[in-house]
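Colleague: I am attaching a structure below and will ask some questions about it afterwards.
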Amino acid sequence: MGGGFDLTQCVREPIHLLGGVQSYGALIAIRAGEIAVTSANAERMLGVAGLAGTPATRLLDVDQLAALEGLADADTGQTAMMPVTTTAEAGAGRFDVTVHRCDGMLVLEFEPAGAAHDFPAIYTPIRQALIRLQMAATVVEACRAAVREVRAITGYDRVVAYRFESLDGAGEVIAEDVAEGGEPWLGLWFPASDIPPQARRLYERNWIRVIADVDDATARLSGPLDLSMSVLRTVSPFHLEYLRNIGVRSSMSVSLLSGGRLWGLIACHGRTPTTLTPQVRAACEFFGVALSLHLAALREREQAAARDRSRTLIARLLETASAGPSGVWPLDPDGMARVIACDAVLIRAEGRVTVHGADPGPELVDALLAAVPHAGSMWHSDRLGEDVPALAALSPGVCGALVLPSGPDGDLIVWLRGERTVPRRWATDPAEPVVPGPHGRRLTPRGSTAVFLASVRGRSLPWSSNDLAMAVELGRAVVGIAVTHARRVSVLNG
Ligand code: BLA
């Protein structure tokens with residue numbers, strides 16, 4: 001097989017419909033009081049034979065069933081919270097039961113009851129962790145505190161904070177806590193395809209994903225069931241192969257969300273099989289929620305600081321502009337390139353075109369001015385060759401353009417960016433032999449460099465929301481200066 005692995009397979013895999021659960025627990029789904037779906041291990045684990053098609057009261061008494069239904073209905077499903085857990089006597093003994101509703105069925109997931117934690121034993125370390133977390137002043141500091149705390153709570157061998165560069169993009173390990181002797185991953189990049197989009201969407205709905213043992217034999221379900229909200233959901237064979245290839249036996253991920261979207265994960269790895277009690281999972285979930293809120297606040301603060309820096313630069317630009325002679329371009333192009341990082345600034349004013357910085361040459365400038373949309377509103381692209389077919393032949397000399405109309409008569413400011421260079425350390429270790437699984441070496445992070453390079457070819461660094469906001473402010477300033485100049489000129493003439 002080797003390198004012939006088709007990555008589109010990953011994107012298409014319906015990972016919520018794989019028809020099985022991890023066998024450390026058992027699942028039954030009840031429709032209208034009757035057991036409609038069971039996992040193959042349910043009868044053995046629960047100690048009751050012939051469950052399928054029989055009344056649920058054979059397994060749980062009426063009061064327990066009513067209580068479980070109440071719990072399922074109290075969970076509105078509006079938030080990305082994991083299903084509610086309780087303990088119940090069922091068949092052979094005591095179980096931790098996690099409950100949610102799906103397609104009109106009550107879905108119960110049973111795990112042998114773990115050691116009962118008392119509330120203070122769970123809450124005290126979490127509370128201390130939250131206090132330490134709140135003292136973190138930057139995103140990276142908060143993540144550093146978080147990985148330490150999560151490893152302390154769970155005992156995994158490696159815990160990393162993994163941040164995506166964009167919604168479905170590649171990511172970087174920005175904080176790590178690893179057991180003695182573990183290879184350091186801090187600063188390493190992993191490609192976007194390591195976590196396909198449908199998996200990311202599921203992690204937006206569930207804060208926690210536990211994979212107890214990559215060598216587990218899945219307990220098959222007796223019928224179809226959407227397992228999106230299941231805590232026992234079985235795992236894609238692709239991802240299992242990936243985990244085996246990086247020497248991992250068990251894993252857990254905690255979602256980091258901002259505005260409901262996944263922007264990173266706390267990823268945990270164990271070298272041995274690891275199940276977590278629902279209480280410990282709930283603690284991790286709670287921690288993930290608190291961390292996400294704190295990170296959102298910190299990110300907001302960091303972005304505001306970046307905007308403040310840009311505004312200071314704009315103010316300085318305007319000062320020098322209004323002091324300068326009229327009749328020349330008012331803003332210092334070098335200063336403009338500091339407000340919005342770029343390789344060149346192209347200005348068209350009063351029919352004259354000037355280029356400052358890395359001049360892409362008259363041919364490209366003409367083609368660009370002819371092809372990019374510049375009627376009225378701002379326009380931008382980080383992949384000109386793809387977005388504007390007329391420019392395909394001229395890329396990759398220039399891959400990014402931010403076009404700002406700056407006056408009547410087709411006046412324009414254009415910031416240009418070349419192809420992005422990638423000063424990144426990928427999770428590749430050429431010295432270490434890779435043992436390819438049945439899907440070839442692509443299912444390791446080691447095949448990454450080529451995949452990533454292909455994904456950035458012809459693309460510039462993307463224009464950030466801060467870049468766009470600052471362009472709007474500069475645009476306003478240019479119009480303001482033009483008005484002032486016009487007034488000065490009319491005063492002089494009058
Ligand atoms: C899921 N891939 C994941 C998850 C992580 C990664 C964290 C979440 C599940 C878990 O916690 O194990 C990848 N793990 C990483 C990365 C780091 C890490 C990047 O620790 C870096 C620090 N994976 C592939 C390819 C496919 C693929 C090519 O590399 C597709 C064929 C699939 N990854 C894949 C799938 C899931 C996944 C399907 C979802 C698993 C699930 O929740 O069912």
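Throughout, read-outs are computed from the coordinates displayed, never taken from laboratory work. Everything numeric here is computed off the predicted structure, so don't read it as measured data. All Cβ positions, glycine included, derive from the backbone under ideal geometry; neighbour counts span all protein chains shown.
Colleague: Pull up all non-local amide H partners of Asp411: gap of 5 or more, or a different chain, and H-to-H distance under 5 Å with H placed in the peptide plane.
Modeller: It is Ser406, by chain and number.
Colleague: What ³J(HN,Hα) values, in whole Hz, does the Karplus curve 6.51 cos²θ - 1.76 cosθ + 1.60 give for segment 224-229 when θ = phi - 60°, with x put for Gly and Pro?
Modeller: Running phi through 6.51 cos²θ - 1.76 cosθ + 1.60 with θ = phi - 60° gives x, 7, 6, 9, 3, 9 Hz.
Colleague: Give me, ordered by chain and number, the residues 5 or more places off Asp216 or on other chains with an amide H under 5 Å from its own placed amide H.
Modeller: Counting only residues 5 or more places away or on other chains, the set is empty.
Colleague: Here's something else I'd like to know. Could you please report the charge total around Pro224, scoring K, R as +1 and D, E as -1 over all other residues with beta-carbon less than 14 angstrom from its beta-carbon?
Modeller: +1
Colleague: Could you give me the ³J(HN,Hα) list for segment 171-179, computed from phi with Karplus coefficients 6.51, -1.76, 1.60 and θ = phi - 60°, whole Hz, x at Gly and Pro?
Modeller: After applying 6.51 cos²θ - 1.76 cosθ + 1.60, I find x, 10, 7, 9, 7, 8, 9, 10, 5 Hz.
Colleague: Still on this structure: Between Asp366 and Arg58, what length in nm is gained on full extension when 0.36 nm per residue of separation is reduced by their alpha carbon distance?
Modeller: 103.0 nm
Colleague: How about segment 107-196: which GluC sites (Glu not before Pro) there are in a DSSP loop, with at most 11 other Cβ atoms within 10 Å of their Cβ?
Modeller: In loop regions of segment 107-196 (DSSP not H, G, I, E or B), the sparsely surrounded GluC sites (Glu not before Pro) are Glu180.
Colleague: If you plug each phi of segment 35-51 into the Karplus form 6.51 cos²θ - 1.76 cosθ + 1.60 with θ = phi - 60°, what whole-Hz ³J(HN,Hα) values come out, in order, with x for Gly and Pro?
Modeller: 6, 9, 9, 9, 8, 4, 9, 5, 5, 5, 5, 8, x, 10, 8, x, 6
Colleague: Collect residues whose amide H, placed 1.01 Å from N in the peptide plane, falls under 5 Å from the amide H of Glu176; neighbours closer than 5 in sequence don't count.
Modeller: When sequence neighbours closer than 5 places are left aside, the close amide H contacts are Ala161.
Colleague: How much net charge surrounds Ser310 when only other residues with a Cβ under 14 Å from its Cβ are counted (Lys, Arg +1; Asp, Glu -1)?
Modeller: Once positives and negatives cancel, what remains is +2.
Colleague: Can I ask one more? Under a Cβ-only charge scheme (Lys and Arg +1, Asp and Glu -1), can you give me the dipole magnitude of segment 1-75 about the Cα centre, in debye to the nearest 20?
Modeller: Taking the Cα centre of segment 1-75 as origin, the dipole is about 280 debye.
Colleague: Would you list Glu183, Glu43 from fewest to most Cβ contacts within 10 Å?
Modeller: Glu183, Glu43
Colleague: Let me ask another. With no solvent and one equal point scatterer per Cα, compute the Debye intensity ratio I(q)/I(0) for segment 279-375 at 0.12, 0.19, 0.21 Å⁻¹ and report its log10, rounded to two decimals.
Modeller: -0.62, -1.02, -1.12
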